Number of protein chains: 2
Amino acid sequence: MKIAVLGSGVVGQTLAAKLAALGHDTMLGTRDVTALLARTEPGPMQQEPFSAWHQRHPEVALGSFAEAAAHADLVVNATSGAGSLDALRQAGEANLDGKVLVDVANPLDFSRGMPPTFSVANTDSLGEQIQRAFPGVRVVKSLNTMTAALMVDPGQVGGGDHHVFVSGDDPDAKAQVMRLLTDGFGWRQVIDLGDITSARAAEMYVALWLRLFGALGTPMVNLKVVT
Amino acid sequence: MKIAVLGSGVVGQTLAAKLAALGHDTMLGTRDVTALLARTEPGPMQQEPFSAWHQRHPEVALGSFAEAAAHADLVVNATSGAGSLDALRQAGEANLDGKVLVDVANPLDFSRGMPPTFSVANTDSLGEQIQRAFPGVRVVKSLNTMTAALMVDPGQVGGGDHHVFVSGDDPDAKAQVMRLLTDGFGWRQVIDLGDITSARAAEMYVALWLRLFGALGTPMVNLKVVT
């Protein structure tokens, strides 16, 4: 499949590398390819500069947000939540229309210190904001409830016996994303939380995830739903 | 120990019955004992009238919010979140001062339909509101992340292999509540999320719990933290 991953941070890198390794024709979209490759300082997570990562992953094509979206049948929003709507506007409604968009971002607000708060919560969510801004896009919220390494390799904790969620208004889009999660990323347990308004729940859970990260001292934390 | 459980709903009944069964001198506090016992209609969860429950649990004493708080060394807030601050004001600051208060309530707002939203979230929580309103009380947020039956009997799902959280500013108060959870209610795994601001995380998680309840068709749902 032709897939666009919007966002050049650790989440975008991790998802793009995995999707390319699975054989998908993957393009990573960013605001300004030239500027991104010219950066020499470490990233915000102290990761290597993007150019060093890309030298190890030449199988991932690079393009602008618009070029990546135009390339793709399925688009992943892995931009930072604060910039997601702007990035998607740059990607262009015409390039996104009718496509499945997997929204893995969280609307985190770091302006109040750590742990971050949410720029939107409780009665709205980033997933819903994106769906309202792009009504022709088939938004599926997923994978936002964990650190990047676990998204594509759930076996790294608890023998893979834990859960990932999907939220969205389009059943076919959710089914397609669930297949990618199970057949592609190796998830054994996916729970459909409901329509796109249930993205609120998946995003608000991240407040607990952040506290668990702090209390347990590792971001390699996920939850198993026990019934 | 002398314990007050404030709140006459299913949560208050379940906690009071369990605490009395454990041998604690337990008083259930309510707004108006006479009016409560006079009710003949089913409760909001379609449960039996309170008087029928109390006939089966005469070991639980009844009193006003103030009488129960005055009676107790440890107080449990099991009132509905929307009424918690008012109930605690009725209990009286002098009757609460210096005591451990286990806050199991959630600030749910049912005015927008189902699932409920939160009257406070993201940058504040009910746990923090209570701690600010009663600075001499040692507030510990706990048990608000699950249905009443699981609070006192975690073995009912997943063989008891799942988690409960505590949040609070007073380490000794948290340690006391953790002992009650483990030695009293049978919890094997308790995670200390941090100070009372981490009550935000425990409360916001309830948005996900409500969606899981809807998606899985049962309230007997809890989470196991996997690392």
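The values are calculated or read from the model by the stated rules, or taken from the named source; none is laboratory data. All values derive from a computational prediction rather than experimental measurement. Cβ coordinates were reconstructed from backbone atoms using ideal geometry, including for glycine residues, and neighbour counts include every protein chain displayed.
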Filter the range A:111-142 for residues that are among the hydrophobic types (A, V, I, L, M, F, W, C) and within 24 Å of B:Ser198 (Cβ to Cβ); the one that is farthest from the other protein chains (Cβ to nearest Cβ) is A:Leu126
Mind checking whether some residue in the range A:167-174 is within 30 Å of B:Val120 (Cα to Cα), away from every other protein chain (no Cβ under 12 Å) and of a type outside the set (Lys, Arg)? yes
Matching residues, the range A:193-215, being within 25 Å of A:Gln131 (Cα to Cα) and surrounded by fewer than 18 Cβ atoms within 10 Å (Cβ to Cβ): A:Asp195
Go over the candidates B:Thr145, B:Thr182, B:Thr218 one by one and state the one that is within 12 Å of chain A (Cβ to nearest Cβ), at pLDDT 95 or above and surrounded by fewer than 21 Cβ atoms within 10 Å (Cβ to Cβ). B:Thr218
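Where residues in the range A:185-215 are in a helix (DSSP H, G or I) and of a type in the set (Val, Ile, Thr), which of them is farthest from the other protein chains (Cβ to nearest Cβ)?
Restricting attention to the range A:185-215, the residues satisfying the condition of being in a helix (DSSP H, G or I) are A:196-215.
Remaining after also requiring of a type in the set (Val, Ile, Thr): A:196-197, A:206.
Values: A:Ile196: 12, A:Thr197: 9, A:Val206: 9 Å.
My answer is A:Ile196.
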Considering residues that are within 27 Å of B:Thr123 (Cα to Cα) and touching a Lys or Arg at 6+ places or on another chain (Cβ under 8 Å), the number found within the range B:175-224 is 12
How many residues are small (Gly, Ala, Ser), surrounded by fewer than 21 Cβ atoms within 10 Å (Cβ to Cβ) and on the phi < 0 side of the Ramachandran plot if we restrict to the range A:109-142? 4
